[in-house]
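Participant: Okay, handing you the structure first.
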Amino acid sequence: MNLWAHFWADEQGMILSAETVLLGTVGVIGATVGLGAMARSVDEEMTDLARSFRSLDQSYHIEGRKHGSAWTAGSGFQQEPVEVSLKKLDAEIERLRKSEAREQPQKPEEPKKKKKNQKKGDENVEVDLDQAV
């Protein structure tokens, strides 16, 4: 118990609250920027992986077989050209990115500034400053 009281009273390793706030702020900002960069990197890698999978040619053709009175039918599959397939993939990725951008909350627009002219003979004429410039 004496050791605990000694640690409690020890002020040699004291950290000031301003230092703690500064270090915490730098840490949070660094983590946020780092996570954003990591998210972009993962997104780019997944896009590259999707493009490489789409570039594989999976076309095949198997001839039918006949032996005596038994036979099997042939089978085949012709994949669309890689260029067409990659264009479709890029269009889908772009569509998804646009839909994600629309789902993110937007900043509210600032109300337009209005100025009332108070000249002699004018009765409270409102002028839109953004359009006047």
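The values are calculated or read from the model by the stated rules, or taken from the named source; none is laboratory data. All figures in this text were calculated on a predicted structure; none of them were measured in a lab. Virtual Cβ from ideal backbone geometry, glycine too; neighbours counted across all protein chains shown.
Participant: Taking the range 64-73 only, how many residues are outside any strand (DSSP E or B) and surrounded by 10 or more Cβ atoms within 10 Å (Cβ to Cβ)?
Facilitator: Residues meeting the conditions: 0.
Participant: Working only within the range 3-46, note down all residues that are modelled with pLDDT under 90 and β-branched (Val, Ile, Thr).
Facilitator: If the condition is that a residue be modelled with pLDDT under 90 and β-branched (Val, Ile, Thr), then Ile15, Thr20, Val21 are the ones that fit.
Participant: Just need a number here: residues in the range 55-83 that are modelled with pLDDT of 90 or more, among the aliphatic types (A, V, I, L, M) and out of contact with any strand residue (DSSP E or B) (no Cβ under 7 Å at 6 or more places or on another chain).
Facilitator: Residues meeting the conditions: 2.
Participant: Surrounded by 10 or more Cβ atoms within 10 Å (Cβ to Cβ) and modelled with pLDDT of 90 or more: does that describe Ala50?
Facilitator: no
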